[in-house]
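Below is one structure, written out as structure tokens; comments come after it.
The values are calculated or read from the model by the stated rules, or taken from the named source; none is laboratory data. Nothing here was measured: the structure is a model prediction, and the numbers come from that model. Note that each Cβ is placed from the backbone with ideal geometry, even for glycine, and that neighbours are counted across all protein chains shown.
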Amino acid sequence: MPGILILNGPNLNLLGTRQPEIYGRTTLGDVEAMCREHATRIGVTVECAQSNHEGALIDAIHGARGRLDGLILNAGAYTHTSIALMDAISSAEIPAIELHLSNVHAREDFRHKSYIARVSVGMICGFGARGYTLAMDAMKSHLKALR
């Protein structure tokens, strides 16, 4: 059974209360429960983690190397700034999907640049919390195609 790390970056611990007009009212706990339920339905395992600290995110990505089959990453603002996260994804040698709750391309110009996109098989953005299950479906399909 394929294993997927669902990793959330800075400020995503505040989901449901932080700018709900942009990010919705679904909490991170709700998202993680939704992902676990969906994993059971589609036949994958998931591990969920969140950190506001870049180094902890890098450690989680490194920890997935050789142990899990895919990464779904909502790096938050680090998407637009972190070469270190980009390098960690490259080093992990597992496919990654970049995920955003909002449509970053319809927002401020600085959100249009992504270091994560350079090392991702794809990006899902703008579908709110539903994006997580869409990303899980996409990752499962991608992993199946690799076999």
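Every condition in (1) touching a strand residue (DSSP E or B) at 6+ places or on another chain (Cβ under 7 Å); (2) closer than 21 Å to Ser141 by Cβ; (3) among the acidic types (Asp, Glu) holds for Glu32 except the one numbered (2).
For (1) without any contact (Cβ under 8 Å) to a residue 24 or more places away in the chain; (2) within 16 Å of Leu134 (Cβ to Cβ); (3) in contact with a helix residue (DSSP H, G or I) (Cβ under 9 Å, 6 or more places away or on another chain), each residue gets a yes or a no:
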position: Gly16; (1), (2), (3): yes, no, yes
position: Glu21; (1), (2), (3): yes, no, no
position: Arg25; (1), (2), (3): yes, no, no
position: Asp87; (1), (2), (3): yes, no, yes
position: His100; (1), (2), (3): no, yes, yes
position: Val104; (1), (2), (3): no, yes, yes
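Return the residues of the stretch 108-125 that are touching a residue at least 12 places away in the same chain (Cβ under 8 Å), within 23 Å of Leu14 (Cα to Cα) and exposed (fewer than 14 other Cβ atoms within 10 Å of the Cβ); say none if nothing qualifies. Even if it seems obvious, please write down each step before you answer.
The initial filter retains those residues of the stretch 108-125 that are touching a residue at least 12 places away in the same chain (Cβ under 8 Å), namely 110-111, 113-125.
Now narrow it down to the ones that are within 23 Å of Leu14 (Cα to Cα): 110-111, 114, 116, 123-125.
Within the stretch 108-125, Phe110 is the sole residue that qualifies.
Any residue that is in contact with a Gly (Cβ under 8 Å, 6 or more places away or on another chain), surrounded by 14 or more Cβ atoms within 10 Å (Cβ to Cβ) and more than 21 Å from Ser114 (Cβ to Cβ) - is there at least one of those in the stretch 72-93? No, there is no match, as no residue in the stretch 72-93 is in contact with a Gly (Cβ under 8 Å, 6 or more places away or on another chain), surrounded by 14 or more Cβ atoms within 10 Å (Cβ to Cβ) and more than 21 Å from Ser114 (Cβ to Cβ).
List the helices (runs of 4 or more DSSP H) inside the stretch 32-147, counting only whole elements, that have at least 2 residues being touching a Ser or Thr at 6+ places or on another chain (Cβ under 9 Å) and modelled with pLDDT of 95 or more.
Values: elements: 54-64, 83-92, 130-146.
Output list reads 54-64, 83-92.
Which residues, taken from the stretch 1-57, are over 25 Å from Arg111 (Cβ atoms), over 15 Å from the mean Cα position of the chain (by Cα) and among the charged types (D, E, K, R)? Once the filter is applied, which keeps residues that are over 25 Å from Arg111 (Cβ atoms), over 15 Å from the mean Cα position of the chain (by Cα) and among the charged types (D, E, K, R), the stretch 1-57 yields Glu37, Arg41.
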